Structures are given as C-alpha cells and as structure tokens.
C-alpha cells in the first residue's frame, strides 16, 4: 500500500505546506491502515525513527499514540500527499496546542501590518488645510548575517524582531554561491526601522524555541548593497580538549560528555550540554538566572535545545569585532558548574581571565579562514597525534564521527583546557591502579570522615574548598584492613609543572616529599624527583623529562 502521508519536523513547516496539513485525528486514521509496526516504522523519517518515544514503542497502538502526541505538541507535522479541500481556518485543533502555535507562526510570520488608504475628495474652502497624504513605508531594505564556512543545514536559525520576545521573521542559513568561504542569512523586504537579532534554536520536546540575543539594534541596508564582509559575522565552532598540561596542539580529544560554557562580555551567554554523540544541546540560561537564589533548580539545569553539530559564536556585531572587553571566553567542564561558581566567574575579573578567549576569531577578516593559532584553528588544519588511552576519560574520546563529518566545512576549532568542574583528585594504590569504589578516611578541620571513592577513583573535595589542606588515609589494597597509607593534600590550584612550585606541589601530593614548598631546596627537590622516578620505573635523571611529565599528566587530579 502506498503511504498516504508524510512527516516533517515542526520547525521546518512553511506556507506551502499549509494546504496539506493533517489533523492528529486524520493522521491517526491513516496510520491504522498500516499493516504492522515494522511497516509503520519504515514509513517514518530516519530522524523520527531514532526518537526515544518511537524507538521504544512495543506495538502499533503505543507507536501511534506516541506519534499523535508529537504531532499535537508541534514537534512534528503530518501532511497529506494531496492538498486538502478546506481552508486552514477549518482545522479543529485544541487552542494553544503546539501544532496550533506552529501553524499560526507560519500564517503570521511578521508583526508588520500595512494599511492602504483611498484618498477622499471633498469640496473645501481655499483657506482649508490640505489633507495629509498617507504613504506606505518603503520595503526595499535588507539585513544580512554572514557565517564562516559552508555546511549542511541544521536546526538552528536566525531571527529578527521589532518587539522583544516576538520573532518577526526567522530564516535558515544558505550557502553563498559567489564565495565558497561563507554562508549567509538574508532578511529582505524590510523598512528602515532597526531590529533586534537573535540566534534561534528549537526545543526538543516543545513547540517553543530558545532565543539568544545577538544584538539589540541592527539597521537594515538598501537592497542593492553588497559587501566583501558583512557587518555581522558568526562563526560555527567545535571544541577540542587538551589531554596534557603542556597543551600540545596535536594532543587533543573530542568531547563526548560534559558542558561548554560560553561567556560574552563577562556574562554567561550559553551553557551547552554535550552528549555521547558529541552533539551540543543548549540550556535555557536566562530561565535559571531568573529563578530565586535559593531555588534548587538553579543547580539542576537540564538541556532543552535541539542537538547541534557545532555552536555559533558572534565574531562581529553591527561592524564591531567582539574582542577584548566585549569578547567571548569559553570553559569546558566534565560536570555542570554550580550556579554560585558561574556568578563568581561573572563577577571576578581575575577568575574570568583564566577562561579561554575567542579573540583570535578576528583572523577571519584577514584570511576568510583561521590560521593555526594558540586557541583557534581552521577545522581542516587541526592535526592529531596518537593519544594515550589512559589519558582519555568517560568525557573525552578520539575524534568522533560528528567531528570528522565537518572537516571540509571551513569552520573553526577552539582548543580548551580539561576541567572536571569539581574540586578533588584521583586516588591510586601502590600498584598504580585507580582506587575504585574503595573506603578511605578524610581528616579535615579536626574531624574524620568515612567515605568511598567513585567508579573512577575520584574523591570530591568540594565540601572542603575553604580549607588550606586535608589528610587522606587509604588502604594499601582491597584486602588490607588498616588505612596504612597517608597523604597530605593542599587545597587549591596546581601551578604549571614548569614552575618550581608546581613540581613541588605534585611531589608532595604523591607523597614523595614532606617539606613545605618554601623550605625545599634544589638538592631535596632533585632527590624527591629521583625517588619518584625510581618508584614509577622511569628514567632516573632527576629532571622533568618527557616521560616524567607524561606520568604527572596521567596522575594529576582530573
């Protein structure tokens, strides 16, 4: 039997589709004609087949019910293969349903209403004032947003608006046929009034959208205007994470779990969750920002945005490069940051400086691409060396397929440092194995705490962040009864390994020295370093050679 319907994502509904719209009831009737669940699944778009509510359905009844719910919410739209002999107003849809809102948005894409008037002739005295002449606003202006690179379309789009919170027009990105280094979004048939500009991302389980403000006022230009580089430029970016403290440009990993924090003008603009497929899903930051300070949901934020293959960063807005004080800075964290930490980053200039700046995006204006810079590089120029598997975690992997699919898109990569998002360290036993799910004692502030390490051997020190140091007592192995191994741990940030203090901190954390850092002379330090190399089966030369550096990279707190 030929399929008598088709389904498309709600966000892609257009005016041309409206005559073909099926109501949820009509769609349900057509689906009942399908013989079995396998045939029904085959009739669905591949993207919909992977929806968890569809993939988990055990029979046609459950599958049909779940499909109907997706259609009623406006996440998907059912269309007939032939136009329906009725007006769209004749559809009987529940008021305020997601599908109804989708249709109304397509029917009324603009908030601009124009009225034509017919002049009225009348007899009047020579002293009477001339009647006012009503003229229409000129609609021969446009707004264009430029994007670095060219790539297959995804769910994200750009919107303009005269009224806050009400999108006037929403447009997808199109490849520029004249220049292969860029893509464009064009809003045409506009008057001269400035508009607000938004990045718009559909939500996964709602007909609503996430709108991230790009500019309060963007002025349209005459429709004949052409520019070598438009005044507003966005750059699609993927993050890669350094696997070593030395931050070698070829020793990077892809993110398959964690969070990317994008700060703009020292305020959190976007919080992006990364899934196992290395796709990026936005969290509604402003929603959580507006919650009361004591609301527990502020630290239980969930992603709602449609998964994307990269995220867009504003490089230039209305002709002004977004660098320095107006620039962007990024942070990767394996776990979600507490809202208190986000506020500290926003209010502490020194802490903000520790984030990775995106100022190097300005190289786009010079080359229409990105050199191999300190933090920013063109995605096709990024090289990878073989990675030590022990340095990869549940959050990091070799380049994912999602990353490799974009190697030819002429977009950018930003290199970020590895940050667990938690204060703590990894414990290992005397055989250099992670101290996984094992008992340990933590002595702090005159008290002893009985605790257990997690499945990665990680112990959290978040509760003791205000202290200068703690003691950790651990067993030599899983068969030991007594906590015979004792570690002294300073609370704080490890200095770089190239610094003397950084080396001393690590030797002390791994129990190879007991002297205070300030009291440790060069001879004692060399003896401690040689002792560490002996116990770890490394070349014993008392220097920070590559083998020793790699050992510290692998054993430092994550």
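Number of residues in segment 240-277 that are assigned to a strand (DSSP E or B) and either farther than 29 Å from residue 545 by Cα or assigned by TED's automatic domain parsing to the domain that holds residue 151 (or both): the value is 15. Of the residues making up segment 363-374, just one is surrounded by 18 or more Cβ atoms within 10 Å (Cβ to Cβ) and in contact with a helix residue (DSSP H, G or I) (Cβ under 7 Å, 6 or more places away or on another chain), namely 370. In segment 370-401, what residues are farther than 12 Å from residue 240 by Cβ and modelled with pLDDT under 90? Hits for segment 370-401 are 385, 386, 388, 389, 390, 391, 392, 393, 394, 395, 401.
Scanning segment 393-415 for residues that are in contact with a strand residue (DSSP E or B) (Cβ under 8 Å, 6 or more places away or on another chain) and assigned to a loop (DSSP other than H, G, I, E, B), we see that the one that is farthest from residue 379 (Cα to Cα) is 395. Exactly one residue out of 47, 58, 105 is buried (at least 16 other Cβ atoms within 10 Å of the Cβ) and modelled with pLDDT of 75 or more: that is 105. Can you say whether residue 202 is in contact with a helix residue (DSSP H, G or I) (Cβ under 7 Å, 6 or more places away or on another chain) and either closer than 20 Å to residue 406 by Cα or assigned to a strand (DSSP E or B) (or both), as far as the supplied structure shows? Yes, satisfied.
Of the helices (runs of 4 or more DSSP H) lying entirely inside segment 1-54, those containing at least 3 residues that are out of contact with any helix residue (DSSP H, G or I) (no Cβ under 8 Å at 6 or more places or on another chain) and more than 18 Å from residue 93 (Cα to Cα) span 37-42. Within the option set 32, 41, 73, being under 26 Å from residue 171 (Cα atoms) and out of contact with any strand residue (DSSP E or B) (no Cβ under 8 Å at 6 or more places or on another chain) holds for one residue only, 73.
The values are calculated or read from the model by the stated rules, or taken from the named source; none is laboratory data. In this text, all values refer to a predicted model and were calculated from it rather than measured experimentally. Glycine also receives a Cβ, built like all others from the backbone with ideal geometry; neighbour counts cover every protein chain displayed.
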